[in-house]
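The values are calculated or read from the model by the stated rules, or taken from the named source; none is laboratory data. Small disclaimer: the values here were computed from a predicted structure and weren't measured. We place every Cβ from the backbone using ideal geometry, glycine too, and count neighbours over all the protein chains shown. To get the accessible areas, we keep the full protein, side chains included, count just its heavy atoms, and leave off ligands, DNA and RNA. Shrake-Rupley method; radii C 1.70, N 1.55, O 1.52, S 1.80 Å.
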Amino acid sequence: MPAAVSIVALALIAQTGTSTATGVVQARFTSGAEWDTNAQRAVREGEDELALLDGLEEEGDGLARVTADISGRVSPTHSLVAWLGYQLGAKRFARERSQDFFTHQFFGQGAWFASDVWTLGVSGSFRLSRIRSALRDYNIGSGSAYVRMRPIDALSIGLTGTFTGYRYLFDDHFDYRGPSAGLDVTYAPMQRLTIYAGATHHWRNYSRNGLTLTTVGDRQFASFCDELFAPSGDIACTPELRRDTEIDVSLGARYVGTIQFGGQYRLRAQRSTSDFENTDRHRLTADVTFSIFDDLQATVLAVLQFNNQTAITDTLQQAEDDENRNNLSLGLRYALTDHLAMDLRYALYVEQFSTNDASYLRQLFYLGLGYRTGAFEL
């Protein structure tokens, strides 16, 4: 779900809340064992190996997964609300120690409900992701300001401005900063059904050159045309700073009842000064959650993505699983007590890169326990 839609959901929840509590804090902890069929996230490249991914193999391995998060809400007055949260995640592999992973994520949001119609707010988040091999280390942070109008109870319209900074520690050619501007509309024709649509325009200014076609003798290949990646020999290469724009459009609906289900279509159209970063991504998502019986709940999530044109960054950066992969996830949760639950999950990630003879396949099998505290009032 795009960030703008998440902000919509939080704002609507806050507007409908009537609690007079000064603050509420809740914590959640999960731990379990997992089998990963592609622990190194290797890409099959056929005859032509990608230089940055040499040595990666499709090797399965077992691991321990741990997550912990704490979140809270503070309401100094009825018209002012703030949310704060922190999440820690870690994975420890049995053999593939180079893939040991941890992440920290912080988020915060504040809203001022100026009237029954108008809401003003700000939000921010920061994520630090590290892997022992350092191949996928990155930091990403963003800050937003938004204004929301609710002319009638069923309709909400919002404008959001965001500034994002991204740092990819393995190769600073992919570091960028830039603003975004978005508009979203949420409509609830009935109590349990919500329909939403949104559009966001992103501008990304990269710190280094983009890839361009380079000629050495009678051979052509991609190069950044700088001191680190300039080919030897008779070079015919014109460097150009990478500048991207992206239009991100989404349309979806969600029903919350005895059975919860939703669907979304999302289009991301990216254009770049780099010869190899002009991409259209069409993404269809559907999910359903239902109770098999009182204490056993099932969840199914399916993601289908079609990529047109070039997307070489996705291959070089080994993007996050949920970013540019086709995905099927099946989960069962059994509530042992009001606060303790057992989780059994299966996930399949598949990607066929449209610009070369590369493919990606990864399966995860997970069994673990999750504990959630009650809500503590401050």
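Observations on the model:
- Rounded accessible area of Thr37 (nearest 10 Å², 1.4 Å probe): 40 Å²
- Interchain or long-range residues, amide H under 5 Å from Phe170's placed H: Asp137
- Largest to smallest accessible area among Leu364, Leu304 [probe 1.4 Å]: Leu304, Leu364
- Applying 1/(1 + (r/R0)^6) with R0 = 30 Å to the Cβ-Cβ distance of Gln220 and Leu169 gives a FRET efficiency near 0.50.
- Shown here is the pair-distance distribution of the stretch 110-231: with all Cα-Cα distances grouped in 5 Å bins from zero up to the longest one, the shares run 2, 9, 13, 13, 13, 12, 10, 9, 7, 5, 3, 2, 1, 0 percent.
- The label-point distance for Val25 and Leu330, in a model that sets each label 7 Å from Cα toward Cβ, rounds to 4.1 nm.
- Accessible area of Arg219 in the full protein assembly, 1.4 Å probe (Å², nearest 10): 150 Å²
- Sorting Glu240, Glu58 by accessible area puts them as Glu240, Glu58; the probe is 1.4 Å, largest comes first, and only protein heavy atoms count.
- Computed from backbone phi with θ = phi - 60° and the Karplus coefficients 6.51, -1.76 and 1.60, the 3J(HN,Hα) list for the stretch 180-188 is 9, 9, x, 10, 9, 9, 10, 9, 10 Hz; x is used for glycine and proline.
- Solvent accessible area, Å² - Asp171, 1.4 Å probe, full protein context: 10 Å²
- Whole-number accessible area per residue in Å² for the stretch 113-243, which is evaluated in the context of all protein chains at 1.4 Å: 53 Å²
- When Val74, Val303 are compared by accessible area at a 1.4 angstrom probe, the order from most to least is Val74, Val303.
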